[in-house]
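As structure tokens, the structure follows; a few thoughts come after it.
Every number here is computed from the coordinates shown, using simple stated rules; none is lab data. As the structure is a prediction and not an experimental result, all values here were calculated from the model. FYI the Cβ positions are ideal-geometry reconstructions off the backbone, even for glycines, and counts take in every protein chain you see.
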Amino acid sequence: MSSDDPHVRHLGSRRTRDAVLAYAFLLPSAVIFVAFFFYPLYRLFYLGLYQQNRFGTAERWVGPSQYTKVLTGSDFLSGLSISARYVLLTVPLGLVLGVMLAVSANRRLRGIKIFQTIFASTVASSVAVASVVFFVLINPQVGYFRNVSFLSLSNPATALQGVALSSVWQNLGLTFIITLAGLQAVPEEIYEAATLDGYGPFRRFFRVTLPLISPTMMFLLVVLVVFAFQAFAQIDILTGGGPAGSTQTLVWKIFNSQQPLDQGTGSVMAIGLFAITLVVTAAQFSILNRRVHYGN
Amino acid sequence: MATELQQATWKKAAWYVVLTALSVVVLFPVYMALVRALSTPVSYVKAGQPLHPVDIEWGIFRRAWNLGDLGPKFGVSAVMTGVIVTAELTTALLAAYAFTFLVFPLKRVLFALFMATLMLPIEVTLIPNVQSIRDLHLLNSYPGLVGPFLATAFGTFLIRQGFMGIPRDLRDASQLDGFGHLAFLRRVAIPVTRPVIASFAVISFLSAWNQYTWPRAVVTQGRWETIQIGLKSLSAAKVEESNIGLAAAILAALPILVLLIFLQRQLIRGLTAGAVKG
Amino acid sequence: MSEVVFEGITKRYGDVVAVDHLTLDVLNEEFMVLLGPSGCGKTTALRMVAGLDAITEGTLRIGDRVVNDVEAKDRDVSMVFQSYALYPHMTVAKNIESPLMTRTFAVEGEVEPRKLTKPERLSRVTDAAGTLGLSELLARKPAALSGGQRQRVALARAIVSRPSAFLMDEPLSNLDAKLRAQTRLELVDLHQRLATTFIYVTHDQIEAMTMATRIAILNEGRLQQVGPPQAVYERPHNLFVARFIGSPPMNTIPGTFVVVDGEAKVDLGVGRFPVAAVAGDHHEPVVDGTKVVVGVRPEHLAIDGEGPVEATVTAVEWLGHERHVICDVGGSAVILRQPSEGVAPPPGQRVRIGAVADEVHLFDPNTTERLN
């Protein structure tokens with residue numbers, strides 16, 4: 001009988017063994033996630049309720065009023081408006097340029113792969129590299145474009161624009177790659193049908209291509225907006241937050257609130273950033289879902 | 001009247017012009033960076049900043065390497081990246097396996113929690129995380145550098161998608177063949193989904209090598225600077241030495257450039273995952 | 001080299017019953033075909049034998065062991081999947097070797113089963129490959145093989161572990177018609193050479209009829225009938241089996257059983273067919289006046305000037321070697337088979353049809369069970 005045979009394992013205990021194995025497999029990731037994601041999230045809320053002294057040795061309870069004070073305060077609001085401005089500067093332009101590159105390179109020509117590699121190449125540069133490279137172009141003393149007034153890094157009104165240009169350039173590669181993939185996923189027959197229906201190239205693009213790649217574009221939109229809200233390295237390298245604090249994005253402010261004295265307010269700002277990213281992403285996804293339902 | 005062939009040829013030529021123009025725009029910053037890295041800064045400015053290099057110093061890359069102490073920085077970046085990629089692959093493979101092939105209580109809740117971490121970028125959790133690292137005396141150390149990046153929800157998601165694509169028949173056959181979970185993972189699941197795993201590995205490498213914000217927060221000693229944060233100090237030099245910072249930046253981008261050229265397919269697949277169906 | 005016994009085997013998924021108290025004895029060394037339409041539970045039953053799906057109720061025996069709780073790898077069975085389930089990244093040789101890598105086997109002359117050594121595994125692989133004509137293809141990967149070759153690799157992988165029973169899940173359905181016919185013969189030959197129990201699942205009754213020693217017909221999770229192909233064909237136990245087996249299918253016409261002048265007949269409204277047997281296996285003799293469903297196979301009907309039943313021809317299909325004449329018999333469509341010679345009756349013509357008394361089957365319209 002089966003129960004006597006030591007080589008035979010029983011199906012009943014398989015469930016338990018599988019569950020134990022599953023938890024073992026998930027444990028490493030879970031430990032990291034708790035330690036560096038969930039626990040810090042909790043800590044943010046906690047820190048936001050207190051004000052610490054300079055050395056972090058003592059803390060004073062401030063309570064939820066610190067939240068309202070910081071979130072409506074000029075520091076946070078200015079950081080938010082600068083970040084928002086950064087989004088508006090980098091995302092629309094980035095998308096349009098990326099689409100232009102992708103549409104141009106999505107055709108059968110000899111050597112098209114070379115062009116495709118060139119267009120994708122900015123993906124190789126990190127934010128730091130892109131910033132250093134752009135510094136060459138827009139640095140106020142010897143930058144090649146130092147006389148281009150709307151990019152000037154020494155003018156508080158335009159400094160953010162100069163920094164934004166470096167991001168637009170850096171994002172070209174990623175935007176190109178993703179948009180091209182979206183274009184290539186459209187079956188050839190649809191273009192042929194549109195041509196047979198008498199659509200000219202512009203009509204084809206706006207009435208046929210664009211709607212069909214809209215899910216991809218929405219995805220890209222979310223990605224680029226999140227990137228823009230996270231802007232830090234380019235500010236750190238190109239302007240250091242200046243001139244006159246005109247490039248101090250939210251993350252910049254958060255980064256510079258690491259001292260115990262500032263941790264309370266910094267944490268509230270971080271929560272503000274978190275909430276905004278959530279809301280923006282959620283809003284985009286709900287639009288995306290509506291689009292997809294209508295489209296398909 | 002232009003024949004159809006002539007029209008087609010004109011059209012082609014026009015596109016080549018457009019593509020070349022766009023390429024120039026895309027490559028211009030890199031080109032200028034190269035020009036100014038190779039040129040001697042003072043001579044270059046004196047010559048009115050032409051579009052070609054002036055007074056070329058071919059040894060600038062070696063000089064930048066030495067002056068900027070790039071060796072150790074590349075070393076730190078390399079070790080950090082190596083550890084992160086290995087750790088991410090391991091944790092993601094195991095987690096993805098559990099979520100795909102194992103049945104256990106709270107599976108859906110746990111998966112949702114895992115994916116929720118995608119909403120918590122390092123910039124948001126910076127303050128408490130840096131404080132933790134400080135409290136554990138792990139500033140300026142590899143554990144401090146790699147900590148938050150040892151697990152990955154994106155990787156778990158991607159590899160899980162790959163695992164879910166394995167036909168059920170294959171699992172059944174290996175059950176009959178007597179493969180337990182680890183044997184199935186090693187002998188079947190991983191080899192069969194190798195393209196997805198490779199794509200993720202490339203993305204993981206890219207992301208780890210390019211990290212800036214977190215290393216900037218947990219490194220305070222020069223010895224521990226990664227190449228990315230090393231660029232900040234190198235680029236802040238005086239105008240006369242601006243070519244050093246540029247040369248360093250070009251060197252810093254080289255590994256990824258190599259990746260782009262040799263592993264383009266995997267890179268693209270990894271970047272487009274989730275963006276495009278199929 | 002074992003029999004497989006289903007005792008009241010049931011499989012439930014929540015409220016859905018996929019297999020309903022299946023009781024079936026698969027004899028040692030027989031070629032048992034589980035036949036039925038999609039969703040009838042045949043594949044689920046097979047998977048329960050393999051150990052891939054858990055058994056909700058009932059007892060399953062392989063040989064003299066109760067195997068309900070035994071893991072798939074320890075049941076000493078092999079399976080050939082519909083899609084072949086070959087490991088795409090392994091060579092043919094490695095695919096065939098895979099069942100031998102981690103399982104233990106009883107070795108001649110040794111008491112304890114153990115893992116096989118590399119030479120032992122290789123020798124079995126060579127044998128299996130040779131039996132299926134794969135010796136030249138051992139270094140290839142599945143992607144480089146044709147459909148027929150892949151199927152043979154799946155078979156080789158199944159035989160290499162020398163199991164007590166072979167389980168096959170519609171292995172021919174992905175092959176083209178010609179290859180299918182050829183492979184049917186090869187499978188029957190393989191069965192005879194291996195002298196091992198085969199349990200074969202299919203929805204194709206031709207496969208069942210040509211290969212099985214016995215057929216078990218399932219519908220909606222329940223066993224309808226089990227028996228040798230000829231028996232199932234000649235004496236279907238219910239309407240489902242009657243209509244499922246045979247191509248073109250058996251004609252079924254509503255009628256009334258009557259006894260006229262001491263002779264048993266069935267009244268179709270437009271005439272009466274004689275009925276030979278009147279007592280079923282489990283029932284009392286049929287009562288005069290009972291409503292029945294009459295079943296007659298197309299080859300047992302003939303157009304006969306003296307036939308008792310009136311019909312009108314509605315269409316004629318010519319198949320080359322024979323004709324199918326489709327008639328209207330009192331509102332029901334009926335097919336009869338005729339040889340191709342001679343002139344076919346044109347559509348619209350009134351004809352008279354006769355039936356062979358022995359081949360007139362009666363079924364209860366409510367229970368669908370056989371009455372005679």
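For the residue pairs C:LYS94/C:LYS141; C:LYS73/C:LYS94; B:LYS46/B:LYS73, the alpha carbons lie more than 21 Å apart in B:LYS46/B:LYS73. Enter the Cα centre distance for the pair segment A:161-211 and segment C:323-371, rounded to the nearest angstrom. So the two Cα centres are separated by 65 Å. Note on chain C: Cα Rg divided by 2.2 N^0.38 Å, N the number of residues, gives 1.19.
If you take all other residues with their beta carbon under 13 Å from the beta carbon of A:ILE254, and give Lys and Arg +1 and Asp and Glu -1, the sum is -2. Rg and Dmax, both from the Cα atoms of the protein assembly as shown and both in Å, are 38.1, 129. Given a cut-off of under 8 Å on Cα pairs at least six residues apart, what relative contact order in percent is computed for chain B? Relative contact order for chain B comes out at 29 percent. Quick one: plug the Kirkwood hydrodynamic radius of segment A:1-157 (C-alpha pairs) into Stokes-Einstein at 10 °C, 1.306 mPa s, and report D in µm²/s. Answer, rounded: 68 µm²/s. For Cα pairs less than 8 Å apart in space and 6+ apart in sequence, what is the mean separation divided by the residue count of segment B:80-184, i.e. the relative contact order in percent? Here the relative contact order equals 49 percent. Pick out which of A:ALA228, A:ALA120, A:ALA30 has the largest mean-square fluctuation in a Gaussian network model of chain A, springs linking Cα atoms closer than 10 Å. Result: A:ALA30 has the largest fluctuation of those listed. Computed over neighbours whose Cβ is under 15 Å from that of A:PHE134, the net charge equals +2, Lys and Arg +1, Asp and Glu -1. Among the chymotrypsin sites (Phe, Trp or Tyr not before Pro) in segment A:11-82, those placed in a DSSP loop whose Cβ has at most 14 other Cβ atoms within 10 Å are A:PHE55.
Between B:LEU38, B:LEU118, B:LEU22, the Gaussian network model of chain B with springs among Cα atoms under 10 angstrom shows the greatest mean-square fluctuation at B:LEU22.
Percent of Cα pairs in segment A:199-263 per distance bin of 10 Å, from zero to the largest separation: 18, 28, 20, 17, 13, 4, 0.
If you average 1/r over every pair of different alpha-carbon atoms in segment B:4-46 and take one over that average, what Kirkwood value in Å do you get? Across segment B:4-46, the inverse of the average 1/r is 12.7 Å. Applying a DSSP loop filter and a limit of 12 other Cβ atoms within 10 Å to the GluC sites (Glu not before Pro) in segment C:65-157 leaves C:GLU108, C:GLU110. Computed over the alpha-carbon pairs of segment A:72-145, the distance histogram in 10 Å steps reads 15, 27, 35, 17, 5, 1 percent, short to long. Segment C:5-37 and segment B:15-35 have their alpha-carbon centroids 70 Å apart. Here the mean projected area of the convex hull built on the C-alpha positions of segment A:165-284 is 9.7 nm².
When DSSP beta bridges are restricted to pairs lying wholly in segment C:4-242, around 55% turn out antiparallel.
Set the Förster radius R0 to 30 Å, insert the Cβ-Cβ distance between C:ASN174 and A:THR117 as r into 1/(1 + (r/R0)^6), and round the FRET efficiency to 0.05. Calculated transfer efficiency: 0.15. For chain A, the membrane-span-like helices by this rule, meaning whole DSSP H stretches whose C-alpha atoms cover at least 15 Å of axis and whose Kyte-Doolittle mean is 1.0 or above, are A:74-105, A:127-138, A:159-184, A:214-229; this says nothing about an actual membrane. Normalised by the number of residues in chain C, the mean separation of alpha-carbon contacts (under 8 Å, six or more apart) gives a relative contact order of 16 percent.
Centre-to-centre separation between the Cα atoms of segment C:75-105 and those of segment B:141-205: 22 Å. If the chain linking C:ALA231 and C:LEU122 were pulled fully straight, counting 0.36 nm for each residue of separation and taking away their Cα-Cα distance, it would gain 34.8 nm. In sequence order, segment C:108-115 has phi-based couplings of 4, x, 10, 6, 8, x, 8, 6 Hz under the Karplus curve 6.51 cos²θ - 1.76 cosθ + 1.60, θ = phi - 60°, and Gly or Pro positions carry x. Helical runs assigned H by DSSP (4 residues or longer) give chain A a calculated mean residue ellipticity at 222 nm of -21000 deg cm²/dmol, each run adding -39500 (n - 2.57) before division by the residue total.
Cut-off 10 angstrom, C-alpha nodes, Gaussian network model of chain A. Which of A:GLY242, A:GLY56, A:GLY266 fluctuates the most? It is A:GLY56. Dividing the helix sum by the residues of chain B, where each DSSP H run of 4 or more adds -39500 (n - 2.57), gives a mean residue ellipticity at 222 nm of -22000 deg cm²/dmol.
First measure r as the distance between the Cβ atoms of A:ALA24 and A:TRP61, then evaluate 1/(1 + (r/R0)^6) with R0 = 25 Å and state the FRET efficiency to the nearest 0.05. Working from the Cβ atoms, E equals 0.05. Entry for segment C:251-363 at q = 0.09, 0.16 Å⁻¹: log10 I(q)/I(0) = -0.24, -0.69, Debye formula applied to identical alpha-carbon scatterers, no solvent contribution. Normalised by residue number, the volume inside the convex hull of the Cα atoms of chain B is 214 Å³ per residue. Dividing the convex hull volume of the alpha carbon atoms of chain A by its residue count gives 267 Å³ per residue. Going 7 Å from the Cα of C:ALA106 toward and past its Cβ, which residues in segment C:160-202 have a backbone nitrogen under 18 Å from where you end up? Taking a point 7 Å out along Cα→Cβ of C:ALA106, the residues of segment C:160-202 whose backbone N falls under 18 Å are C:160-166, C:195-198. For segment B:178-252, a Kirkwood hydrodynamic radius built from all Cα pairs, placed in the Stokes-Einstein relation at 20 °C and 1.002 mPa s, yields a translational diffusion coefficient of 138 µm²/s. Only beta bridges with both residues in the protein assembly as shown are counted; by DSSP, about 80 percent of them are antiparallel. Extension gain, C:VAL17-C:ASP189: 0.36 nm per intervening residue step, less the Cα-Cα distance, totals 58.3 nm. Can you give the FRET efficiency for B:VAL42 and A:SER149, using 1/(1 + (r/R0)^6), R0 = 30 Å, r = Cβ-Cβ distance, to the nearest 0.05? The formula returns an efficiency of 0.70 here.
Only helical runs count toward this figure. For chain C, summing -39,500 (n - 2.57) over DSSP H runs of n ≥ 4 and dividing by all residues gives -6500 deg cm²/dmol at 222 nm. Taking the alpha carbon gyration tensor of segment A:10-66, multiplying each eigenvalue by 5 and rooting it gives semi-axes of 43, 11, 8 Å, largest first.
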